[in-house]
Amino acid sequence: MTFVHNNIGVVLCQDCLCVRPFSDARHMAEERCECGGEFCGCLHCECGVAMLRGGIRSGLALDLEDPADLAFWCEETGTRAPPEPTASRHHPTTLF
Ligand SMILES: [Zn+2]
Ligand SMILES: [Zn+2]
């Protein structure tokens, strides 16, 4: 099976698998993901993005070395847990 180079112009974080628009700084790993991971914009990663966008959630299909839990993957945060809704409520300790 061969992949067609679709050149979709994105980079993929190698750690959390979030997707960002392609830029030289990101591709050269000068700019890193919020999670600290390096971005990569190679053909292989483009294919991964295309598959993720296509609904594939199998680490094996995506050829990941360390298949993370992709069930909650989204482009913004990758496999990181989505940010908690800001809970300004603290939990008062009830002593009685
Ligand atoms: Zn990341
Ligand atoms: Zn790559």
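Quickly run through segment 7-21 and pick out the residues that are surrounded by 16 or more Cβ atoms within 10 Å (Cβ to Cβ) and over 17 Å from LEU62 (Cβ atoms).
ARG20
Mind telling me which of the residues ARG57, ARG32 ends up being more than 11 Å from VAL10 (Cα to Cα), surrounded by 12 or more Cβ atoms within 10 Å (Cβ to Cβ) and modelled with pLDDT of 95 or more?
From the options ARG57, ARG32, the qualifying one is ARG32.
ASP63 - would you say it is at positive phi, assigned to a loop (DSSP other than H, G, I, E, B) and modelled with pLDDT under 90?
Yes, satisfied.
The values are calculated or read from the model by the stated rules, or taken from the named source; none is laboratory data. Predicted, not measured: the structure shown is a model, and the values here were computed from it. Ideal geometry is used to build each Cβ from the backbone, glycine not excepted, and the neighbour counts take in all protein chains shown.
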